[in-house]
Amino acid sequence: MRLFTPEAMREADRKAAEMGYPSLLLMEWAGMKAARVYRELFGHRPAVVLAGKGNNGGDGLVLARHLLLEGVAVRVYAAEGQEGDALLARGALEAHGLDLRPLEEAAWGPGEVLVDALFGTGLRGPLEGLYAGLVDRVNASGLPVLSLDLPSGLPFSPHVRATATVAFAALKTPHLLVREACGRLFLAEIGLPRHLLEREDLPEVATPEALLPLLPRRPLTAHKGSVGRVGVLGGFRGEGLRYAGAPVLAALGAYRMGAGLVHLAVPEGTPLEPLEAVFHPVPGPTLPAMRVEALAVGMGGGPWGREWALKALEAQLPTVLDADALHPEVLEAYRRAGVRAVLTPHAGEAGRLLGKSPEEIAQDPLASARALAEATGQAVVLKGNPTVVAEGGRLSVNPTGNPALATGGTGDVLAGAIAALLAAGLAPFEAARLGVYLHGLAGDLLAEEKGVGLLAREVAEALPRAREALARNQAPLSLTRM
Ligand SMILES: NC(=O)C1=CN([C@@H]2O[C@H](COP(=O)(O)OP(=O)(O)OC[C@H]3O[C@@H](n4cnc5c(N)ncnc54)[C@H](O)[C@@H]3O)[C@@H](O)[C@H]2O)[C@H](O)CC1
Ligand SMILES: [K+]
């Protein structure tokens with residue numbers, strides 16, 4: 001599934017019209033599907049529809065007509081000046097005897113549900129005046145809000161903060177980049193010819209359907225040497241500092257993702273954990289002899305991180321470079337040696353590598369991940385909300401994960417988990433996408449149970465459950481299709 005920009009979506013609508021598909025049909029389906037979501041979420045609660053003058057408003061007028069026919073009390077406040085399909089939708093609604101009131105008079109009360117059909121993909125800049133005021137009032141109302149296509153105002157501020165959003169035809173960038181504004185996400189098919197949605201030039205959304213086939217299968221004859229062995233090089237002692245936990249968490253991430261064996265190279269004197277690992281206590285950043293298929297390097301490595309990554313190069317194995325291994329000299333050396341790596345920076349680390357501030361990186365995570373992948377020739381996992389995976393011309397946006405994952409050590413678990421998938425034979429881009437998805441899903445399953453206050457090791461422990469949920473096709477979709 002592709003992630004559309006608002007422009008790409010409008011282009012698809014236009015092409016459908018050129019091919020003879022009546023745009024009024026799209027609007028009818030959009031409004032009808034949105035009415036279905038409304039009824040599913042809110043039953044017969046009275047609706048207050050706020051309709052702009054464009055086609056997003058038109059969708060709202062269609063929804064109002066369907067709700068009316070289903071016996072839901074509806075009040076509509078609409079902007080003046082509809083044209084084209086939206087004008088037809090207005091006429092169809094008025095034919096049912098409903099009087100539209102001016103948007104300036106918009107008012108609501110307890111027990112009502114607001115339908116936000118002010119603006120969709122046609123918004124050109126931040127809302128001001130009447131509309132900005134209306135959005136503020138909607139957000140302050142305390143009432144449930146159903147946004148049609150996009151919470152109005154996105155991608156700018158102010159914007160509506162919706163309880164639920166029905167996206168039409170495809171997800172658009174703001175749905176994943178400003179996910180918290182959308183509430184529960186629904187994706188409604190509105191009849192657009194399928195081929196118009198197959199745009200290989202657009203970023204992918206990491207959906208369960210796309211990831212399921214990547215999940216390594218375990219044959220009955222499997223043994224610990226056949227399902228992928230991982231070497232973890234990390235930790236650091238010195239200047240009174242110890243980072244003993246990071247490599248342990250990476251080892252747990254690798255085991256819980258299904259690694260057969262994890263070798264752990266750590267500074268002499270660090271506690272030997274987890275018990276299941278094979279230990280290589282080392283006096284300094286060296287590459288001990290170990291039979292593994294992939295490496296994870298840099299977790300808690302401090303000043304050892306860079307050297308450790310350079311030593312690891314000798315193994316010529318696919319390698320996850322995390323945290324302290326993310327150094328320009330390291331990346332240049334890997335590129336020259338032609339060794340495939342997955343880089344797992346957060347915005348701060350990516351910013352250091354690209355000469356930008358963390359804020360600039362987070363502003364456009366898609367472009368940032370792509371730029372780092374291009375500059376290094378490697379697969380990049382840019383961690384954040386959302387996490388973006390990039391390699392070559394490919395981009396994938398991850399829909400799982402939640403703020404409960406923002407806690408020390410979850411990144412180490414992720415690095416180990418991705419290394420396990422590399423060791424199982426997945427290509428870097430696929431290992432990164434699947435690892436990020438399952439790690440986020442593990443966090444979602446845990447957050448549902450426990451809320452905030454997770455420990456990174458619990459995220460590792462939940463990885464098998466996330467894997468099972470995906471394998472059984474029960475990954476709770478953060479997205480409901482209509
Ligand atoms: N995806 C589909 O196939 C379909 C989508 N539909 C819906 O149509 C909207 C897009 O409609 P469009 O008319 O292009 O734009 P909007 O309704 O979002 O708004 C346009 C309206 O707003 C004015 N405007 C633009 N910027 C501003 C601003 N900053 N302040 C004030 N006013 C502004 C502009 O001049 C226009 O008048 C899409 O999201 C779907 O909901 C179809 O109904 C079905 C097919
Ligand atoms: K809207």
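Working from label points 7 Å from Cα in the Cα-to-Cβ sense, the Glu105 to Arg242 distance is 7.3 nm.
Among residues other than Val452 with Cβ under 15 Å from its Cβ, the summed charge is -4 (Lys and Arg +1, Asp and Glu -1). Remark on Ala294: its backbone amide H falls under 5 Å from those of Arg229, Gly231, a criterion applied only to residues 5 or more positions apart or on other chains, H modelled at 1.01 Å from N. Once C-alpha pairs closer than 8 Å and six or more residues apart are averaged by separation and normalised to the residue number of the chain, the relative contact order reads 13 percent. With θ taken as phi - 60° and the Karplus curve 6.51 cos²θ - 1.76 cosθ + 1.60 applied, the whole-hertz 3J(HN,Hα) list for region 77-91 is 10, 10, 5, 8, x, 4, 9, x, 4, 5, 5, 4, 5, 5, x Hz, x standing for glycine and proline. Whole-Hz Karplus values for region 152-161 come out as 4, x, 5, x, 9, 10, x, 9, 5, 9 Hz, taken residue by residue from phi with 6.51 cos²θ - 1.76 cosθ + 1.60 and θ = phi - 60°; glycine and proline positions read x. This model, with +1 at the C-beta of Lys and Arg and -1 at the C-beta of Asp and Glu, gives the chain a dipole about its Cα centre of some 1020 debye.
Over all orientations, the chain has a Cα convex hull whose mean projected area works out to 24.6 square nanometres. Bridgeable aspartates and glutamates around Lys172 (alpha carbons under 16 Å apart, same-chain partners fewer than 8 residues away excluded): Glu7, Glu11, Asp13, Asp149, Glu180, Glu189, Glu198, Glu200, Asp201, Glu204, Asp364.
When the Cα positions of Leu26, Ala289, Phe429 are compared along the charge dipole of the chain, Ala289 comes out farthest toward the positive end, with charges on each C-beta of Lys, Arg, Asp and Glu.
The slack between Glu80 and Glu7, meaning 0.36 nm per residue of separation minus the straight C-alpha distance, is 23.8 nm. Rounded, prolate or oblate: which fits region 208-477, taking a ≥ b ≥ c as square roots of the Cα gyration tensor eigenvalues, rounded meaning a/c under 1.5, else prolate when a/b beats b/c? Taking the square roots of the gyration eigenvalues as a ≥ b ≥ c, region 208-477 is rounded.
Here the 3J(HN,Hα) profile of region 176-183, calculated from phi with Karplus coefficients 6.51, -1.76 and 1.60 at θ = phi - 60°, is 9, 7, 10, 4, 5, 7, 8, x Hz, Gly and Pro shown as x.
Evaluated with a Cβ-only charge set (Lys, Arg +1; Asp, Glu -1), region 57-133 carries a dipole of roughly 80 debye about its Cα centre, given to the nearest 20.
Each listed q (0.13 Å⁻¹) maps to a log10 I(q)/I(0) for region 338-482 from the Debye sum over equal C-alpha point scatterers, namely -0.55. For the chain, the longest principal axis of the alpha carbon atoms and the long axis of helix 365-376 meet at an angle near 30°.
Summarising the label geometry, the points placed 7 Å from Cα in the beta-carbon direction at Arg352 and Glu204 lie 3.1 nm from one another. All C-alpha pair distances within region 1-140, sorted into 5 Å bins from zero, spread as 2, 10, 19, 22, 20, 15, 9, 3, 0, 0 percent across the bins. Length gained on full extension, Leu215 to Gln363: 50.1 nm, using 0.36 nm per residue less the C-alpha separation. Between helix 55-69 and the chain there is an angle of about 70 degrees, using the helix long axis and the longest principal axis of the Cα atoms. When the charge dipole of the chain is built from unit charges on Cβ atoms (+1 for Lys and Arg, -1 for Asp and Glu) and taken about the Cα centre, the candidate among Pro303, Ala259, Leu68 whose Cα reaches farthest toward its positive end is Ala259. Highest mean first, the peptides 183-191, 225-233, 146-154 sorted by other C-beta atoms within 10 Å per residue fall in the order 146-154, 225-233, 183-191. For Ala341, the residues 5 or more places off, or on other chains, whose built amide H falls under 5 Å of its own are Thr319, Ala379. Rounded to the nearest 20 debye, the dipole magnitude of region 208-477 is 600 debye, with +1 charges on Lys and Arg beta carbons, -1 on Asp and Glu beta carbons, and the Cα centre as origin. To the nearest ten degrees, helix 456-471 and the longest principal axis of the Cα atoms of the chain are 60 degrees apart.
Among the listed pairs Lys15/Lys383; Lys33/Lys450; Lys33/Lys53; Lys356/Lys383; Lys53/Lys383, those with a Cα-Cα distance over 27 Å are Lys15/Lys383; Lys33/Lys450; Lys53/Lys383. Would you be so kind as to identify which of Val227, Leu275, Ala466 lies farthest towards the positive end of the dipole of region 208-477, taking Lys and Arg as +1 and Asp and Glu as -1 on Cβ and the Cα centre as origin? With unit charges placed on the Cβ atoms, the residue in question is Val227. Each peptide in 117-127, 92-102 was scored by the mean count of other Cβ atoms within 10 Å over its residues; highest first, the order is 117-127, 92-102. Quick check on region 358-429: take the gyration tensor over C-alpha atoms, sort the square-rooted eigenvalues as a ≥ b ≥ c, and tell me if it's rounded (a/c under 1.5), prolate or oblate. Oblate shape, in that a/c is at least 1.5 and b/c is the bigger or equal ratio.
Beta bridges from DSSP with both residues in the chain: antiparallel share about 15 percent, rounded to the nearest 5.
Since every read-out is calculated from the coordinates, none of them should be taken as a lab result. Keep in mind it's a predicted model, so treat the numbers as computed, not measured. With ideal geometry, Cβ positions are generated from the backbone for all residues, glycine too; neighbour counts draw on all protein chains shown.
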